[in-house]
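Notes follow once the structure below has been shown.
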Amino acid sequence: MSTQNTHPVAYVRREMLDPAAPPPGQTGVIRWMRENLVSSWFNAILTFVALYVIWYVLSGILPWTLNGIWNATSLNDCRAIRDARGLESAACWAVINERWLQILFGFYPTDDPLLARLFHGEALAAAGGVDTVFNGGLNATQRIEFVSAMKNQTSNGLILFFGYWRPMLALLLLVVAVAPVLYSSLPRSMLLFSLAYPFVAFFLLWGGSVWLPVLVALGLVACILIGRTLASRFGMLGGTLGGLLAFLLIFMNPLSFLGITGVFPLLPTVQGVFDSILPWGLAAVSSDQFGGFMLAIIIGTSGIVLSLPLGIALALGRQSSMPLIQWVCVAFIEVIRGVPLIVWLFTASLLLNYFLPPGTSFDLLLRVIIMVTLFASAYLAEVVRGGLAALPNGQYEAANSLGLDYWKSMRLIILPQALKISIPGIVNTFIGLFKDTTLVVFIGLRDPLGLTNAIRATSEWNGIYWELYIFVGLLFFTFCFFMSRYSMYLEQRLRTDHR
Amino acid sequence: MAEATDPPRESFRLSQLLYDARYRSMTIQVVAAILIMLLLVELVDNTVTNLAALGKDIRFGFLWSTAGYDINQQLIPFTSQDTHARAAVVGILNTLVVAVLGCILATIIGVLAGVLRLSSNWLVARIMTFYVEAMRNTPLLIWILIVFAVMTEATPQPRDFREGGSASLILWDSVAISNRGVYIPRPIWAEGSMLVVAVFILSVIGIFILRNVARKRQQDTGQILPVFRLSLALFFLPTLLAYFVMGRPVTLEMPELGGFNFAGGIQIRNSFIALWLALSLYTSAFIAEIVRSGILAVSKGQTEAAFALGIQPNRTMQLIILPQALRVIIPPLISQYLNLTKNSSLAIAVGYMDVRSTLGGITINQTGRELEGMLLLGIFYLITSLIISSAMNFYNSSVKLKER
């Protein structure tokens, strides 16, 4: 049948030959360079220009950076060391080495008694013990001298972990609280801690009686429980009203117009009782002592957490079919977005007292957080609106035809998709918010950039610019870069199409 | 017998206000209206009470009183004897000039960076990625302060420009960069210079007419005129001709060292340069990303289709890619312009006298009219941004894909 084998064949190759090696110009690094660096004349010129630029920049910056002087006590000291070494230019990193704690924490007080007990027991004993030094035995000047002598002998690293243990613990717990929100593979029960975290952080950072944050948290839980119980018995209206009434009784004084004070609001009354039984707490720190990068993190985190729900609500309001709600949301968004944040911050610091009832004044830090939150929420609302508008109408119609009411259809169908679309925009807004926290320097809060001025104002470091700006810039860069990378990761993870 | 009847009309019950979807939105709006009114009344009432307690009222008469302070950069003449209103206008002009120049420079750098980031050259693409990430992830305020520090700390002093000094003027001895500011030549308009300017304006108008004529001709007859070369010639030739015919009426006054500082030429203050450069560099990073995503948004099939039709590569870019990419690019680009304009209020960091530091700063401090001053300032910014965003909406509706 087959004719092939009828004729004897002189030679038939039975094994495949190994493929010949590609020409040397077509493999490995050389090929990559040919394709990516010198694929055409124009490309080659670009490569040379780019190499020149890189060389030019690095030859200016690298020697300055790498020759940097890390140990010096003042700028003049730095210059003397530089000249002694015969260097042309050298960064004076010593300012960072000396002052990084100040850039991170501003003038937030360290826990001096703890530092004294842990690391300077002998000096403390010689001075007469903790009570003598810190509880009134020494006068203020003597105490300041003792503390500064003690701190000079303690390394910055020890001061970071033990002197600033409150903000450091708050930061650590922040990571724990944020982790289950960012990574869904972590156990969901950790979210309970995330809910409790604001109260923990408030207690750690501001100090004071432990009962205030505990009772506020319990009070909020009580309101929700009362509301839910009533809602199951009397319907939604009854539940809402009951919850509101409980809130009024606990946190405000509904009878103040009758002149009845003393019992209501319940919160301070109960707190007084607890404080007299168990006076637990930490040394109170007032808001004007906050500063440094810690301030940026506090304002940034609170702004992010608070602005997201507000922004979503505004976006939904803007899409609402109710004209009044729509107008109010549009007006709010446009007015907030149309005016720079600086003007809003000045409004918060100059004008807010005009709009509040006479005699009230509240914390500048709180005002700033509120303003930053409102500002970011207007931007977020536009981002989320874009996501809502990008959804095909069929999704809304499908939700309606399933018989879902407005909130259920939003929660289960619309928002998950709309928010997924708007993740890049949302994260960009958050990054913008975090960067904008530097603007608080103009209304007198001590943000990192303000502290660089304060450091420059001292006689030791007068005239130092680049090192401080680079350090602060790198701090912000690290955080913002992490956020943008996380948003890319999230986009990848939530992608459901074309895989 | 089956008979279709309407269900009996139910009489209206009060609970329908809450549980009937037809009435519920009305209820919610009424409640919201009441709450908003209460809030407004409370705010106005508090303001009136507080103002009365301070012995103040709301009046704008302070705008017409003498300002009593100097402004270091004036586009229109201003002395300390002028009114607060004029000071505000000077500030507004200063804001607008830095915003407009910033938008121009940011667009140029941004488009360049965005295109280069897509370059097939690995090195160039990496450099641009680094540039964009570094700019976008660091606060604008730091960039402003850094550029300002460069301008004031790393540039030579005027005395270094003396004979034998370490510094010299650049661009054929016409521009001096010193720590007192940048000095550029000042044009001197002699007699007859108006004619040159008029010729220049006419030739620019001529270019627009030429483009229209060329387009119409192409549509009617299919002939393509060399528009670019003709425009180029029209741009330079008539003006140069008029310039030489009139006997060179426009001359330049070069900056010269006189005493401890430069005399002659125009001084551009370092605060302006710092704000302008930093705003442009920062915004250009965002524009680069917008341009990049806009170009990537045009699918590759469009290019392939154009090539299949035999359209040349440069005309493909011009006729197929750019129109589609621009529709994606322009709206976010305009909102970046808006951001840049608002960010120019960071002038406070370098002491540039923009509207926030005249009207919203010194005027408020001198007159104690913070409520009125901030209100006017807010209204200025609001109007500016509404104008820009309505321009964007107009553009959007003109290029929108017409769907069902």
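Between the exposed loop cleavage positions of chain B, defined as chymotrypsin sites (Phe, Trp or Tyr not before Pro) in a non-H, G, I, E, B DSSP state with at most 12 neighbouring beta-carbon atoms within 10 angstrom, the longest gap is B:13-171. Per-residue shielding of B:368-375, expressed as the average number of other chain Cβ atoms within 10 Å of the residue Cβ, stands at 3.
Per residue of peptide A:44-52, the mean number of Cβ atoms on other chains within 10 Å of the residue Cβ is 3. Mean residue ellipticity, 222 nm, helices only, chain B: the sum of -39500 (n - 2.57) across DSSP H runs of n ≥ 4, divided by residue count and rounded to 500, is -21000 deg cm²/dmol. Distance between the modelled labels on residue A:252 and residue A:401, one decimal in nanometres: 4.5 nm (7 Å Cα→Cβ projection). If the elastic network links every pair of Cα atoms under 10 Å, which of B:264, B:91, B:114 fluctuates the most in the Gaussian network model of chain B? Largest GNM mean-square fluctuation: B:264. Projecting the alpha carbon convex hull of the protein assembly as shown along each direction and taking the average yields 70.2 nm². For the options B:301, B:378, B:110, a Gaussian network treatment of chain B with springs between C-alpha atoms closer than 10 Å singles out B:301 as fluctuating the most.
Taking every residue in A:34-41 and counting other chain Cβ atoms within 10 Å of its Cβ, the average works out to 2.
For chain B, which DSSP H helices look membrane-span-like by this rule: Cα extent along the axis of 30 Å or more and mean Kyte-Doolittle of at least -1.0? Those that pass (Cα extent of 30 Å or more, hydropathy at least -1.0) are B:21-54, B:84-117, B:193-221, B:270-297, B:370-399.
When each full DSSP H helix of chain A is screened for a Cα extent of at least 30 Å along its own axis and an average Kyte-Doolittle hydropathy of at least 1.0, the helices passing are A:41-66, A:211-251, A:292-319, A:364-390. Comparing B:196, B:98, B:227 in a Gaussian network model of chain B (Cα springs below 10 Å), the most mobile by mean-square fluctuation is B:227.
Judged by the mean number of other Cβ atoms found within 10 Å, the most tightly packed of the peptides A:15-25, A:382-392, A:219-229 leads the ranking A:382-392, A:219-229, A:15-25. By the Cβ-Cβ criterion of under 4.7 Å, the unpaired cysteines of the protein assembly as shown are A:223, A:329, A:480, B:103.
For segment A:287-494, the Kirkwood hydrodynamic radius comes to 19.1 Å, computed from all pairs of different C-alpha atoms.
Cα-based radius of gyration for segment A:28-99, normalised by 2.2 N^0.38 Å, reads 1.74. For chain A, the convex hull spanned by the alpha carbon atoms encloses 351 Å³ per residue.
Bear in mind that the values in this text are calculations on the coordinates, not laboratory data. Just so we're clear, the structure is a prediction, and the values are computed from it rather than from any experiment. Ideal geometry is used to build each Cβ from the backbone, glycine not excepted, and the neighbour counts take in all protein chains shown.
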